[in-house]
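Some notes on the structure that comes next.
Read-outs: derived from the displayed coordinates by stated rules, not from any lab. Because the structure is predicted, anything quoted here is derived from the model rather than measured. Methodologically, a virtual Cβ is constructed for each residue, glycine included, from the backbone with ideal geometry; neighbour enumeration extends over all protein chains shown.
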Amino acid sequence: MFFSKPTFLSAAVLGAAATVAMVTVAPVQAASLAGSTANIIGVATFSSLAVTPAIDNIDFSSEVIAPSSTGIFVVGASVTVSDVALTLVSGPSSYDGSAVNPLIDFGGGLTFEVENPFAVTRFGTGTSAVAATFPGFKGKFILDGDVVGGGFLSANQILGNGSFSLTVRAVPEPLTMLGAGAAVAFGASFKRKLAQKNNKSEAKS
């Protein structure tokens, strides 16, 4: 059985493994994804240009990893981003967004699943332009396990020409951050106690 190397992973990352405490994924995945950021650009097409439609849909195409990406993601690699459906919550610009998961398919088994629904702010002129921003959505990267992530997206369409920019970043699990914080606190306490002990020893001598 042969394992095909995912196109989004760099050779350096694939050749390295590290252990991250209190993470619920395999060490290689945790080490590879932690702190990595994918910036994705491409074409966005809205179904409606109306000022405040009850529903709208954003289709994404020509999606690629942009040069500003970091970590395991390879610049220029193609990805797939699911359509996002918008439903008006309150006028004129507050919408709920939802997508069929995975929101992003990076290929090679790595995906990003978003937590539905998520907040979207949408503006339309009613004639020639429309724009939407997703100020902060949450989800998880999945690759033989999962790593918490989140991001934001902006899309616009003017005179039939649309574009989008989407950023997702892998972040440590809350337990990992808690564990790291506890370790720092323990280290600081240990240093204080050690310093106090040394001062008492010097005073006695």
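Observations, loosely collected:
- Subtracting the Cα-Cα distance of Thr121 and Ala50 from 0.36 nm times their residue separation leaves 24.2 nm of extension gain.
- Net charge, Leu86 excluded, C-beta distance under 11 Å - Lys, Arg +1, Asp, Glu -1: -2
- Theoretical FRET efficiency, 1/(1+(r/R0)^6), r = Cβ-Cβ of Asp144 and Val64, R0 22 Å, to 0.05: 0.35
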